[in-house]
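Asker: Once you've had a glance at the structure underneath, I'll fire off some questions.
A short reminder: the numbers here are calculations on the coordinates, not readings from a lab. These numbers were taken from a predicted model, which means no experiment stands behind them. Glycine gets a Cβ as well: all are built from the backbone with ideal geometry, and neighbour counts include every protein chain shown.
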2 protein chains.
Amino acid sequence: MNYFSSDFKLGILGGGQLGKMLLAETRKFDIQTYVLDPSSEAPSQFGAAKFFRGNLMDFETVYQFGKMVDLLTIEIENVNLDALDALEEEGLKVYPSPKTLRLIQNKGRQKDFYVENSIPTSAHQRFVDINDLKKALENDELEFPFVWKCAQFGYDGNGVKIVRSTMDLIDLPEVECIAEQMVPFKNELAVIVSRSVSGEIKTYPVVEMEFHPEANQVEYVICPARIDEKVAEKAQKVALKVSEAFNHIGLLAVEMFQTEDDEILVNEVAPRPHNSGHYSIEASYTSQFEQHIRAILNLPLGNTDSKVAGIMVNLVGEEGFSGPVVYENIEKIMAIDGVTPHIYGKRETRPFRKMGHVTIVNENMAAARKIAEEVKNSIRVISVQ
Amino acid sequence: MNYFSSDFKLGILGGGQLGKMLLAETRKFDIQTYVLDPSSEAPSQFGAAKFFRGNLMDFETVYQFGKMVDLLTIEIENVNLDALDALEEEGLKVYPSPKTLRLIQNKGRQKDFYVENSIPTSAHQRFVDINDLKKALENDELEFPFVWKCAQFGYDGNGVKIVRSTMDLIDLPEVECIAEQMVPFKNELAVIVSRSVSGEIKTYPVVEMEFHPEANQVEYVICPARIDEKVAEKAQKVALKVSEAFNHIGLLAVEMFQTEDDEILVNEVAPRPHNSGHYSIEASYTSQFEQHIRAILNLPLGNTDSKVAGIMVNLVGEEGFSGPVVYENIEKIMAIDGVTPHIYGKRETRPFRKMGHVTIVNENMAAARKIAEEVKNSIRVISVQ
């Protein structure tokens, strides 16, 4: 198959920042792309050969879009899977497959899958709605504290809540949900596994999410993770086991907990480029976005090693600001060696909205970590009032 | 000035591969761009907010385009300078300035400029046309051998010829030209100097063009150049002197000869991203394209150091092939660690047409050089017959 400067068309469902960074790689290889996204202000509206607006959950929209392309991929899991089934049945290549997506879209189903495949994960219970969960509490089939998660459409900490008493249940929505056992952990880790159509597999190094000591929010994604070599090996092994179980094509980002006694428990996965791999654009020989393209087109996978240490800081909208975005002090951080801002292209900021990220690369991890803190303390995503 | 996700518009004259790679950086920063190029198949047609077709040498076209943007830059020197003069007079920021471009557009004028500014360069004579040159030969004011160059619109070895006898004059066009003294040289070197609006200056490492032993064609651009530290320092110094003389804003690629006795002679310059800096996308902390954007927007300049050794191989159309392009063995080279092809997006190949380039990065220069040879010997730019 000739993908380069040819008539071949790659379809991408979703036009957010992940799609935008994917597009950059398709431009580098001159692969023709069609993008579908509901928003007229989607970050991926530039760079595609054609950009279409439409609802990603609508059967007809997704089906029609799929009929125009030669291969279909996603940058968001929440797409109409029945349309993907129909397209696949008619012979279209869909990577990741709707089967993989179906296992992942529902967090209850995803957790069951780990249990079925002997993949270490925290204990969980599934509930059809919040009343079902309350009944379990009344019957002593569920105990406080636990982690409540809505089964579908959660993202970035939305749809997740630590429940310590019945008071924490008051504001929870009526939707299908799961309750997970609370596991005290030392570190949150992630490994991105790439797997091509022909089955070639390469894993990226283990990264570490460093949390704010008080706010309990991820502040830095750090590659490589500053953990024991043996723990890193174990995390890689678990990630590979998860990858094998899903038998996915493309990337699979595996988020894990390192428990107090150095066990590895799988938290959740994403079958696509992932926030925990953004560092790879600057730090790795092959960025996660290029790797996803290579994997789904059955091209040889690239080298996943790092050239230098990499740290990623998310740029999220500051609390108290809504409106046209201003990146305060961006020039200050750009004056520091090895600092690269990525601006996703959303014109309006809102509290906690993901607006971009900053990568810090350095030969020396300690130096990178120090600069990352300086970056974090300098730049603010605000709006002109 | 707020450039990021704002109403600010950057205009780019020219939509070739250099423009395409510039656009990738404007997307990363979400800077709005307008592009002007005569071709409907320009590599930069994707990724700009707006793409306009028009003649870059036409006053009215360039002037009207300039009136729509907040700052104007170029990716090709051959643009209508009178239009740029008019725009600049009316207050538009034009970087590089028409003054700089005027000194460079005409190679005779460029050589005079070096002499006026005591910049080391080979001896030259200017001629209004080929008859003028022939007269000089008859009057013994010019001697064989010499290097003939057409004064304007030459590119990539077009418009350059070594003249050893009157027979070599037969096919030369009637245009304005120069004759340069032939200088035996050991190496062809280049240094890219970046200079921002506020006068901040950073130079990239010296790169080396390695020639094919027989064909006298550049095969590899190698960073850092495998030359004596002292020669590298001298080349950097000369490049900085040239940069100061031009007082340019943006990038200035300075091509130089290292003579048999280790003198540095300036060959020619380009006031924009340059083929000799393509390695920087993968090898440097800041790519030349990002640096050009930083310089013309008066943002702090980025770190010009390399993370790893970098070698660039041009992908040019194979002799004997014209038509829809195929990159033979591209999958083979993509299987090698640290190899990244860049496909410019020209659908038709022609003999010697620049279709793309391949970057090879490695911690070890000798390993990179070996892989570069493997790449060079594997990939072929052909067409389906």
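Asker: Using Cα pairs closer than 8 Å and at least 6 residues apart in sequence, work out the relative contact order for chain B, in percent.
Answerer: In percent, rounded to a whole number, it is 12.
Asker: Still on this structure: Output the relative contact order of region B:309-385, whole-number percent, from Cα pairs under 8 angstrom with separation of 6+ residues. Walk me through the numbers before you get to the answer.
Answerer: Details: 162 pairs, mean separation 38.4, N = 77.
Averaging sequence separation for qualifying contacts and normalising by length gives 50 percent for region B:309-385.
Asker: Now, a different point. Which links in B:LYS307/B:LYS346; B:LYS149/B:LYS370; A:LYS107/A:LYS346; A:LYS307/B:LYS202 stretch past 32 Å when you go from one Cα to the other?
Answerer: Beyond 32 Å: B:LYS149/B:LYS370.
Asker: Report the gain in length on full extension from A:ASP228 to A:ILE201: 0.36 nm times residue separation, minus Cα-Cα distance, nm rounded to one decimal. Don't skip to the answer; put the middle values down first.
Answerer: Working: separation 27, 0.36 × 27 = 9.72 nm, distance 2.37 nm.
The span from A:ASP228 to A:ILE201 would gain 7.3 nm if fully extended.
Asker: Using only Cα atoms, what Kirkwood radius does the protein assembly as shown have, in angstroms?
Answerer: On the way: mean 1/r = 0.0357 Å⁻¹.
Computed over Cα pairs of the protein assembly as shown, the Kirkwood hydrodynamic radius comes out at 28.0 Å.
Asker: What are the semi-axes of the equivalent ellipsoid of chain A, taken as the square roots of 5 times the eigenvalues of the Cα gyration tensor, listed largest first and rounded to whole Å?
Answerer: 30, 27, 23
Asker: May I pose another question? With +1 on the Cβ of every Lys and Arg and -1 on the Cβ of every Asp and Glu, and nothing else charged, how large is the dipole of region A:123-181 about its Cα centre, in debye rounded to the nearest 20?
Answerer: Computed about the Cα centre, the dipole is about 100 debye.
Asker: While we're here: At B:ASN158 and A:MET68, where each label point lies 7 Å from the Cα along Cα→Cβ, what is the point-to-point distance in nanometres?
Answerer: For B:ASN158 paired with A:MET68, the spin-label model returns 3.6 nm.
Asker: What value, in deg cm²/dmol to 500, does the helix sum -39500 (n - 2.57) over DSSP H runs of n ≥ 4 give at 222 nm once divided by the residues of chain A?
Answerer: The per-residue figure over chain A is -8000 deg cm²/dmol.
Asker: Further question: If I take R0 = 22 Å and measure r between the Cβ atoms of B:LYS99 and B:ASP58 in this structure, what FRET efficiency does the formula 1/(1 + (r/R0)^6) give, to the nearest 0.05? Provide the component values of the computation, followed by the final result.
Answerer: Details: r = 21 Å, r/R0 = 0.94.
It comes to 0.60.
Asker: Hey, what do the phi angles of region A:259-270 turn into as Karplus ³J(HN,Hα) couplings, whole Hz, using 6.51/-1.76/1.60 and θ = phi - 60°, x for Gly and Pro?
Answerer: 6, 4, 9, 6, 7, 10, 10, 6, 8, 7, 10, 9
Asker: Okay, moving on. Over chain B, with a Gaussian network built from C-alpha contacts below 10 Å, which listed residue (B:ALA283, B:ALA42, B:ALA86) shows the highest mean-square fluctuation?
Answerer: Ranking B:ALA283, B:ALA42, B:ALA86 by mean-square fluctuation puts B:ALA86 first.
Asker: Report the semi-axes of the equivalent ellipsoid for region A:237-369 in whole Å, largest first, where each axis is √(5λ) for an eigenvalue λ of the Cα gyration tensor. Write out the running numbers ahead of the final one.
Answerer: Numbers: eigenvalues 165, 69, 60 Å².
After diagonalising the Cα gyration tensor, the semi-axes are 29, 19, 17 Å.
Asker: Rg/Rh for region B:1-65: what does it come to with C-alpha atoms and Rh from Kirkwood?
Answerer: 0.97
Asker: Continuing with the same structure: May I ask for the percentage of alpha-carbon pairs in region B:28-86 that lie more than 12 Å from each other? Intermediate results must be reported in sequence, preceding the final value.
Answerer: Working: 1140 of 1711 pairs.
The share of Cα pairs beyond 12 Å in region B:28-86 comes to 67 percent.
Asker: Tell me which GluC sites (Glu not before Pro) from region A:142-182 have a DSSP coil assignment and no more than 14 other beta carbons within 10 Å of their own.
Answerer: On the way: sites: A:GLU143, A:GLU174, A:GLU176, A:GLU180; in loops: A:GLU143, A:GLU174, A:GLU176.
Here the sparse-neighbourhood loop sites are A:GLU143, A:GLU174.
Asker: Also, I was wondering about something else. For B:PHE352, put the label point 7 Å out on the Cα→Cβ axis and report which residues of region B:312-328 keep their amide N under 18 Å from it.
Answerer: The answer is B:314-323.
Asker: OK, next. Charges at C-beta only: +1 for Lys and Arg, -1 for Asp and Glu. How large is the resulting dipole of the protein assembly as shown about its Cα centre, in Debye rounded to 20?
Answerer: Working: 80 positive and 114 negative charges, 101 e Å.
Roughly 480 debye for the protein assembly as shown.
Asker: Right, another one. For region B:278-385, which GluC sites (Glu not before Pro) pass both filters: DSSP loop (anything but H, G, I, E, B) and at most 14 other C-beta atoms within 10 Å?
Answerer: Values: sites: B:GLU282, B:GLU290, B:GLU318, B:GLU319, B:GLU328, B:GLU331, B:GLU348, B:GLU363, B:GLU373, B:GLU374; in loops: B:GLU318, B:GLU319, B:GLU363.
Passing both the DSSP loop test and the Cβ count: B:GLU319, B:GLU363.
Asker: With r defined as the distance between the Cβ atoms of A:ASP140 and A:ASN78 and R0 fixed at 51 Å, what FRET efficiency is calculated, to the nearest 0.05?
Answerer: In this case the efficiency is close to 0.90.
Asker: Give the dimensionless ratio obtained when the Cα radius of gyration of region A:309-385 is divided by 2.2 N^0.38 Å.
Answerer: The reported ratio for this selection is 1.09.
Asker: With the crude spin-label approximation of a point 7 Å out along Cα→Cβ, what separation in nm comes out for B:ALA367 versus B:SER322?
Answerer: 4.4
Asker: Pop a pseudo-label 7 angstrom from the Cα along the beta-carbon direction at both A:ARG109 and B:VAL183 and give the gap in nm to one decimal.
Answerer: The modelled label-to-label distance comes out at 7.0 nm.
Asker: Amide H neighbours of A:LEU71 under 5 Å, counting only residues 5+ apart in sequence or on other chains, H built in-plane at 1.01 Å?
Answerer: Amide H to amide H, under 5 Å and 5 or more residues apart or across chains, A:LEU71 pairs with A:LYS9, A:GLY11.
Asker: Roughly how far apart, in whole Å, are the Cα centres of region B:286-300 and region B:128-181?
Answerer: About 38 Å separates the Cα centre of region B:286-300 from the one of region B:128-181.
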